[in-house]
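Structure first, then comments.
Values in this text are rule-based calculations from the coordinates and carry no lab data. In this text, all values refer to a predicted model and were calculated from it rather than measured experimentally. Note that each Cβ is placed from the backbone with ideal geometry, even for glycine, and that neighbours are counted across all protein chains shown.
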Amino acid sequence: MVKKLDGKVAVVTGASSGIGKSIVEKFAGEGAKVVAFARNRAALQELEAAYPGQVKAVAGDVTRSEDLKRLVDEAIQAFGAVDIVIPNAGIARVVSFEASTAEAFNTQFSVNFFAAAETARLFIPHIRKGGSIQFITTFLTQVGFPGLAIYSASKAALKSLSQTLAAELAPQGIRVNSIAPGPIGTPLWGMVGLPPDVLGAVAEKITSRLLPGAFGQPEDIAETSVFLASDAAKNIYGQEIVVDGGYTVG
C-alpha cells in the first residue's frame, strides 16, 4: 500500500513531546523521513531509535540562531533537501494584561512568532517545489480568553504571516497553511502557570463547551498535518484549519 508521505522529507521543531512528537510519529508511519528538533536530547534519541533510518534527532533551542542554522545544515546533509517544514515549537503562559511588560511579550513572541518565522525563512531555499510550510497557531485567534493576551497575539501574528507567505511563496511552488489546535491534552497545558486547582476548574469549564465532551489529543492535530503535507492538499493555500472539538462554534 502506498503511504501518503512516501519520499518526502519533513522538519518538525518542538518534536520531543505533545503535538510535535505525534506529528513525527504520524509522518514516519506514512513513509516520510523526519528531522526532529527540540531541546530534550534524550526524548529525541528515543524517537530516532523507534524509527531507525527515518527519524534524525537534532537537539537545540529555536530561539538561538546558531542552533537553527545547525538544524538546516544537518537536515540538508542528511537528506539533501526538504519537502515539509513545521515550526511547531511554542510556549504558553498565563499573564494578566497588567503584568504584560515588554519582557513578558518577548518571552512568548521569541518562541511562538520570531523563532517560527526564522525556522521557515532559513529552510525556504531548501524546500523542493511542491513542498509546504505548516505553522501551528491556536483556536484562540478566534476567541478571547483572559490571561492569554500575549499568547493569543503571538499566534494571531503567526496566522497573518502564514496567509501572507502563502501568496509570496506560491510562485516558488511552496504552499503555506496553518493548523489551529483547540484544547489539546499535551504537556503545554500543564505549563501555563496556573495552580493545579485553578487549572482543573478551567479545564472543566472548557470541556463543557467541547462537542465530543473531552479535550482533543495530539494525534488529532498530527492527522490534519499529514493531510496538509500530502498531495491531497495540493490546492490549499493560506488557510487556518481549526481543530477544536467545536469550541468556536458553541
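For the reader, a short list of remarks on this structure follows.
- Nearest-20 debye value, the chain charge dipole, Cβ charges on Lys, Arg, Asp, Glu: 440
- Rounded tilt (10° steps) of 149-169 against the dominant C-alpha axis of the chain: 30
- Calculated mean residue ellipticity, 222 nm, the chain: -12000 deg cm²/dmol, from DSSP H runs (n ≥ 4) at -39500 (n - 2.57) each, averaged per residue and rounded to 500.
- Straight-line reach from LYS56: taking Cα to Cα under 19 Å and skipping same-chain neighbours fewer than 8 places apart, the aspartates and glutamates in range are ASP6, GLU25, GLU30, GLU46, GLU48, GLU66, ASP67, ASP73, GLU74, ASP83.
- With respect to the chain, whose longest principal axis is taken over its alpha-carbon atoms, helix 18-29 is tilted by about 30°.
- Pairwise centroid distance, computed over Cα atoms, of segment 53-77 with segment 83-159, Å: 19
- Scattering profile of segment 71-118 at q = 0.32 Å⁻¹ [log10 I(q)/I(0), Debye over alpha-carbon scatterers]: -1.14
- Placing unit charges on the Cβ atoms only, positive for Lys and Arg and negative for Asp and Glu, gives segment 39-116 a dipole magnitude near 60 debye about its Cα centre.
- Between the listed residues SER162, ILE236, ALA38, the Cα displaced farthest toward the positive end of the dipole of the chain, a dipole computed from Cβ unit charges relative to the Cα centre, is found at ILE236.
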